[in-house]
Amino acid sequence: MQRTLPRRRRAGLSASSILVAATRSGAEALGMIDKVGTIAEGKLADIVILDGDPLQNLGVLQRPVAVLQGGRVVSGALPTR
């Protein structure tokens, strides 16, 4: 029986590489890296709060605890802990 590897391994990318491709590389491709794509002073930022480390398990990205846009919660709720 053949063992199935996690998707990130089948694609040949680490979790870190996948997150960079979805953020920084995407912003670069759209010509928006000066405004979005990384966390830096003066850039626009939406925040996704997760219950786990996406570098250890990309599946936590499918279950965000809360999403903030422009400083307001637009989905879910901020954790109380």
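Selection among Asn57, Gly31, Val73 by position relative to the dipole of the chain gives Asn57 as farthest towards the positive end (Cβ unit charges, Cα centre). Taking Cβ atoms as reference points and 15 Å as the exclusive limit, the residues near Gly26 contribute a net charge of 0, counting Lys and Arg as +1 and Asp and Glu as -1. Of Ala21, Ala29, Ala45, the residue with the greatest mean-square motion in the GNM of the chain, using alpha carbon springs below 10 Å, is Ala29. Computed from backbone phi, the HN-Hα couplings of region 29-43 come to 4, 8, x, 10, 4, 6, 10, 9, x, 9, 8, 7, 4, x, 8 Hz, rounded to whole numbers (Karplus: 6.51 cos²θ - 1.76 cosθ + 1.60, θ = phi - 60°; Gly and Pro given as x).
Between Lys43 and Asn57, the modelled labels are 2.7 nm apart [label points 7 Å from Cα along Cα→Cβ]. Note on log10 I(q)/I(0) by the Debye sum over Cα atoms at q = 0.17 Å⁻¹: of the candidates (i) -0.69; (ii) -0.84; (iii) -0.91, the value calculated from this structure sits at (ii). Taking θ as phi - 60° and the Karplus parameters 6.51, -1.76 and 1.60, the scalar couplings of region 17-24 work out to 5, 5, 5, 5, 4, 7, 10, 4 Hz in sequence order, x denoting glycine and proline.
A short reminder: the numbers here are calculations on the coordinates, not readings from a lab. This is a predicted model, so every value here is computed, not measured. FYI the Cβ positions are ideal-geometry reconstructions off the backbone, even for glycines, and counts take in every protein chain you see.
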